[in-house]
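Visitor: The structure is given below, and queries will be raised subsequently.
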Amino acid sequence: MLDFVVIFTKGGVVLWHSNASGSSFASCINSLIRGVILEERNTEAKYFEEDHLAVQFKLDNELDLVYAAIFQKVIKLNYLDGFLTEMQSAFKDKYGGIPAAERLGGDYDFDREYRRVLSAAEEASAKQVKAPKAMRSYNESQKSKKTVASMIQDDKKPAEKRVNIQESPSPPSKSSEAAGGASMDDIIRENRRKLREKLTPTKKTSPGDQKPSKAAATEKAGKKPRVWDLGGSSKDAINLDRSKDTPEDVQYQNINSELVGTMQGVIRDLDVESEDEADEQDEEESSEEEQQELQSRKSKRGGLLSYFKGIVGAKTMTLADLQPALEKMRDHLISKNVATEIAAKLCDSVATSLDGKQMGTFDSIASQVKEALTQSLVRILSPKRRIDIIRDALESKRNGRPYTIIFCGVNGVGKSTNLAKICFWLIENDFNVLIAACDTFRAGAVEQLRTHTRHLNALHPAAKHDGRTMVQLYEKGYGKDAAGIAMEAIKFAHDTRVDVVLVDTAGRMQDNEPLMRSLSKLIKVNNPDLVLFVGEALVGNEAVDQLVKFNQSLADYSSNENPHIIDGIVLTKFDTIDDKVGAAISMTYITGQPIVFVGTGQTYADLKAINVNAVVNSLMK
C-alpha cells in the first residue's frame, strides 16, 4: 500500500501530492533530494531507503520533474515501475503543454487521474499473481480408482489378441518338429554362407588396371579449385588460386596501430548520423577529384532543406544518441585516473539526467554531455557539510577541552608528513598542538615525529608566543597499545590546556583485520572530533577499495550504535600527477565526505584547500 505519492520539480517545488499528511514524509523526500538527485546517484538503486520507509522515484528530464512514491520498506510492491510510468504519462498529457513559468504557479487537479492509474496498476498486478494450485484429494487421484475389476483385461483392447490365440494352429506334432528342424538347419547354414560372402572382400581387377604413378597420385592428392554455381570460368579460378604462391609474391598492407576514438584535449563534437556516413568515410581514402565529385553530389542531394534541418528544430535526446559520447567520456575519465567503477556510474547518471531532454537549437550531444558531467563533478566535489577546523577548535577551547583529530590510512601515503603540515597551519593560527605518537609498529615513526616537533618549534619559538611551547610530542615508545597512548595524550592535553591534539596512527592495509580492529577501538575509546583519511592522489581503482573497506571496518568492528567513520580526506602527493586528478573524484564519490586538505610539495607551507573548479577543469580538458 502506498503511503504518499508526490510530484515535484528538481528544484524542490511540490506541484501535487496524494494526501494532506505529506509533512510527515518531508524528511524522507529531502533526504532523497540531497542524497540521490543532487549527488547524481540516480542509477545506484531503484529506490531510496530511510529508517522504515522506502522511496521509489522516476525522473522526467523533459519537464524537469520527479515522481516519487513512499511506502513501508517491508512491503514489496511489484507494480511501482509501471505505475510511475503511467502516472508520468498521465501528468504529461494533462499539463505537459503548460510553460514552466506558468506550471509552477498553477493548481493541479490530478486526483482523478491518480486514482485511475493506481487502480489499473493494482488490478494488473493482481491478475499476474496466480493462486497456488490446490492439491488433489485421494478420492480424486487415479490410484483410488484402481480396483481388481480394472486390472482384468478389457474386452475391447485384447480382443484381437485373444482371437489370434484362439485361431492359431494347434501345436505341431513330433514328426513335423523333426521335419521342421531339418529344414531350419538348412536355412541357418544358407544364411551363414551369405553372411560370409558379404563380409569377405572380393577384389575384381581387370587386366588393364595398373598401379597409378607417383605424379598422378600427387595430382590427385592436391587441392582442387572449388566450382561455384555462378562463378566464372576455370581459368579465373586458377588465377585466383594463391596456394602455390611464394612469400615473396604476397604483398602485405601496413596496418595503422593508432587507436581510433581516444580523446585528447577538448572533446570533439560527434558527427550527426546520416545516410551520407559511408560517403564521408570514402572521402578520406579517395583522391581529390573523387572528393570534389562526392561533395557536389552531396550538395545536390542536401539542398536548402538539409540546411534548415541542421539549424531549426530541437531534438529529444535518447540513450542511443547519448551512448557514443558517454563511452568516449568514460574512457576520458579513466585516463584521468578516475576509478573505472566510478566513471561508469557517473556516465550512467548523466545518461539518466539527459534521457528525454530537449536539446537546444545550436547545441550538440557532446556539448550537452560535457556540460551535464561538469555540473555533476562540481556537485560531487562541493562539501555537503561544513568542516571548519579553526572555528571548531576555537569552540572546543571555549568549552575547556582539546580538539582531537585522528589520522588514518594505508602504508606510505604520508600521514606523518601531512600531520606536520597541518600542525604548522594550526600554529600559524595561534593554536598550540600536542602530537600523540600512536604509530607503535613502524621503526623510526617516533623519531620522525620528534624531528618534526623540533623543526616546528624552531620556526615558532616560545619567545614569539608569550612563552608558550607551540608543539609538544607525547610518546611511550614502541609495542604499546595505541588506544591507551591516545587516551593518555588527550588527558594530558586537557590538564595542560593544549588546544589541539593530533593523533598519528600506524599505516595498515584495508584487508588486515587485526589492525583494522585496533583502529576501530582507538576511535571508539577516544571519540575524536574529526577522523581524516590520508590517501594518495596517485591511486585510481585502489582508492575505492581502500575507502570502502576502511569505512566498513570502522562500522563493523565498533560496538556503538552510531559508529564514528571517516569525516574527511587529506589528498597527498597532489603535485606529482599533473592533470590526472581523478582520485579526488573517486574518493569523494565513495564516502560523500569532502577533501579537507591537499598536500603539495615538501615544505610545511605546502598545504592547500582543494579548488573545485580547477580540479573539474583539469578533468574535462
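Visitor: Set the Förster distance to 30 Å, then compute FRET efficiency between Arg386 and Gln552 from the Cβ-Cβ distance, nearest 0.05.
Guide: FRET efficiency, Arg386 to Gln552: 0.70.
Visitor: Let me ask something else. From the Cα gyration tensor of region 430-564, with a ≥ b ≥ c the square roots of its eigenvalues, which class applies: rounded if a/c is under 1.5, or else prolate if a/b is larger than b/c, or else oblate?
Guide: Prolate.
Visitor: Give the shape of region 442-496 as rounded, prolate or oblate, defined through the alpha-carbon gyration tensor: a ≥ b ≥ c are the square roots of its eigenvalues, a/c under 1.5 means rounded, and otherwise the shape is prolate if a/b is larger than b/c and oblate if not. Display every interim value, and only then the final one.
Guide: Values: a/c = 4.71, a/b = 1.44, b/c = 3.28.
Note, shape of region 442-496 comes out oblate.
Visitor: Please compare each pair in Lys10/Lys370; Lys58/Lys549; Lys464/Lys491 to a cut-off of 23 Å on the Cα-Cα distance and tell me which ones are over it. Spell out each step's value before the answer.
Guide: Numbers: Lys10/Lys370 20 Å; Lys58/Lys549 31 Å; Lys464/Lys491 27 Å.
Where the Cα-Cα span goes over 23 Å, the pairs concerned are Lys58/Lys549; Lys464/Lys491.
Visitor: Given labels modelled 7 Å from the Cα in the Cβ direction, how far is it in nm from Asn541 to Thr318?
Guide: For the pair Asn541/Thr318, the computed spacing is 3.4 nm.
Visitor: State the extension gain, in nm to one decimal, for the chain segment bounded by Ile98 and Arg442, taking 0.36 nm per residue of separation less the distance between their alpha-carbons.
Guide: Working: separation 344, 0.36 × 344 = 123.84 nm, distance 6.79 nm.
That works out to 117.1 nm of additional length.
Visitor: Evaluate E = 1/(1 + (r/R0)^6) for Asp430 and Lys524, where r is the Cβ-Cβ distance and R0 equals 30 Å; express this FRET efficiency to the nearest 0.05.
Guide: Given R0 = 30 Å and the Cβ-Cβ separation, E is 0.40.
Visitor: Could I ask something else about it? Alpha carbon centre of region 373-406 versus region 512-591: separation in Å?
Guide: Measuring centre to centre over Cα atoms gives 16 Å.
Visitor: At 1.4 Å probe size, with every protein chain present, just tell me what the per residue accessible area of region 496-621 comes to in Å².
Guide: It amounts to 40 Å² per residue over region 496-621.
Visitor: In whole angstrom, how far apart do the alpha carbon centroids of region 324-354 and region 50-86 sit?
Guide: 26 Å
Visitor: Pull out the extension gain between Lys198 and Thr496, defined as 0.36 nm times the separation in residues minus the alpha carbon to alpha carbon distance; nm, one decimal.
Guide: Gain on extension, Lys198 to Thr496, equals 95.8 nm.
Visitor: Could you tell me the calculated FRET efficiency between Met509 and Asn139, based on Cβ-Cβ distance and R0 = 60 angstrom, to the nearest 0.05? Walk me through the numbers before you get to the answer.
Guide: On the way: r = 69 Å, r/R0 = 1.15.
Rounded to the nearest 0.05, the efficiency is 0.30.
Visitor: Among the listed pairs Lys328/Lys357; Lys328/Lys384; Lys127/Lys357, which are separated by more than 27 Å between their Cα atoms?
Guide: Lys328/Lys384; Lys127/Lys357
Visitor: Next up: Using all alpha carbons of region 492-560, what is the percent of pairwise distances in each 5 Å bin, ordered from the shortest bin to the longest?
Guide: Whole-percent P(r) values from 0 Å outward: 3, 13, 24, 23, 16, 10, 6, 3, 1.
Visitor: Could you rank the peptides 343-353, 463-473 by their average count of other C-beta atoms within 10 Å per residue, with the highest value first?
Guide: Result, highest mean first: 343-353, 463-473.
Visitor: Run the numbers for Tyr478 and Ile188: contour at 0.36 nm per residue of separation, minus the present Cα-Cα distance, in nm.
Guide: The Tyr478-Ile188 span can extend by a further 94.2 nm.
Visitor: Would you please classify the overall shape of region 365-416 from the alpha carbon gyration tensor, given that a ≥ b ≥ c denote the square roots of the eigenvalues, rounded means a/c under 1.5, and beyond that prolate means a/b larger than b/c while oblate covers the rest?
Guide: The shape class here is oblate.
The values are calculated or read from the model by the stated rules, or taken from the named source; none is laboratory data. Predicted, not measured: the structure shown is a model, and the values here were computed from it. Every residue, glycine as well, gets a Cβ built from its backbone with ideal geometry; the counts of neighbours run over all protein chains shown. Areas reflect the complete protein model, heavy atoms only, side chains present, ligands, DNA and RNA absent. Shrake-Rupley method; radii C 1.70, N 1.55, O 1.52, S 1.80 Å.
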